[in-house]
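**Q** Have a look at the structure that comes next, please.
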Amino acid sequence: MVDGRTRRRNDTRQRLYEAAVELIAVQGFSATTVDDIALRAKVAKGTVYYNFASKTALFEELLRHGIGVLTDEFRAAVEGLPPPKAVAALVRTQLDYIRRYQAFAQLLLSEMWRTNREWQQTLVLLREQAISVIAETLKAGVQTGDLPADLDVRVASSALFGVGLVVAVDWLVFQPDRSIEEVEQSLLNIVRRVS
């Protein structure tokens, strides 16, 4: 059971995550200050430092939190499903996640390609956790014969993750009038043709 103090701390950290991701997605990491984050989260600047040692530490925890949620949702989505249905569940889960956390997805998309950041190693490890769930699903599909025996699971897993991320952000930014079902079906059609 979570006590009141722990709940308040978790709520505060969640507000700090949300404030940081919104600001950094728009302004960039360098232009976003701890004062900006505190103001957006409606907390004192000291509260930021009470919860995180620095802006960089906050950002690393933000990455852990955001990708951790996606990884957990991936795992829950595929549990007990045969590979073809699990692949479809992964696609839907990623689209739904990005719809809920669009600012984080845009931030993730921009940061994945920057190799000079202090948190790059953290991002690589976290990305690998999410992709490993996709890889397990595709590997199971190869083993059951639902996917081609010569499928390069590693490349296909990265491709599915990356395509889902880019397609979802493109959908929400440039085609928000399309339904999630339309985007999901289009993405699954691409996946089926490739496999």
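**Q** So with the 1.4 Å probe, I'd like the accessible area per residue for the chain, rounded to whole Å².
**A** Per residue, the chain has an accessible area of 54 Å².
**Q** If you take the beta carbon distance between Glu128 and Asp177 as r and set R0 to 25 Å, what does 1/(1 + (r/R0)^6) give as a FRET efficiency, to the nearest 0.05?
**A** Approximately 0.10, to the nearest 0.05.
**Q** Here is a further query. If I histogram all Cα-Cα distances within region 71-195 using bins 10 Å wide from 0, what percent of pairs lands in each bin?
**A** Distribution as computed: 13, 44, 33, 10, 0 percent.
**Q** Just to verify a number: FRET efficiency for Val163 and Ala57, C-beta to C-beta distance, R0 = 41 Å, to 0.05?
**A** My answer for the efficiency is 0.85.
**Q** Sticking with this one: Name the helices (complete DSSP H segments) of the chain with a Cα length along the long axis of 24 Å or more and a Kyte-Doolittle mean of at least -1.0, or state none.
**A** Helix filter hits for the chain: 55-78, 83-100, 120-144, 153-174.
**Q** Report, to the nearest whole %, how much of the accessible area of region 25-67 belongs to carbon and sulfur atoms, 1.4 Å probe, protein only.
**A** Carbon and sulfur: 55 percent of the exposed surface of region 25-67.
**Q** Considering the options Ala31, Ala168, Thr144, tell which one lies farthest towards the positive end of the dipole of the chain, charges being +1 on Lys and Arg and -1 on Asp and Glu at the Cβ, about the Cα centre.
**A** Ala31
**Q** If you don't mind, another one. Pick out, in residue order, every one of the chymotrypsin sites (Phe, Trp or Tyr not before Pro) in region 73-178 that is DSSP loop and has at most 12 other C-beta atoms within 10 Å; say none if there are none.
**A** Counting only loop positions with at most 12 other Cβ atoms within 10 Å, the chymotrypsin sites (Phe, Trp or Tyr not before Pro) in region 73-178 are Trp113.
**Q** Just to verify a number: FRET efficiency for Ser30 and Arg99, C-beta to C-beta distance, R0 = 41 Å, to 0.05?
**A** 0.90
**Q** Region 1-109: which trypsin sites (Lys or Arg not before Pro) are DSSP loop and have at most 11 other beta-carbon atoms within 10 angstrom?
**A** Those satisfying the criteria are Lys42.
**Q** Leaving ligands, DNA and RNA out of it, report the carbon-plus-sulfur percent of the accessible area of region 118-169 at a 1.4 Å probe.
**A** C and S fraction of accessible area: 59 percent.
The values are calculated or read from the model by the stated rules, or taken from the named source; none is laboratory data. This structure is a prediction, so every number in the text was calculated from the model and none was measured. Reconstructed Cβ throughout: ideal geometry from the backbone, glycine too, with neighbour counts over all protein chains shown. Surface accessibility is based on the protein's heavy atoms, side chains included, excluding ligands, DNA and RNA. Shrake-Rupley method; radii C 1.70, N 1.55, O 1.52, S 1.80 Å.
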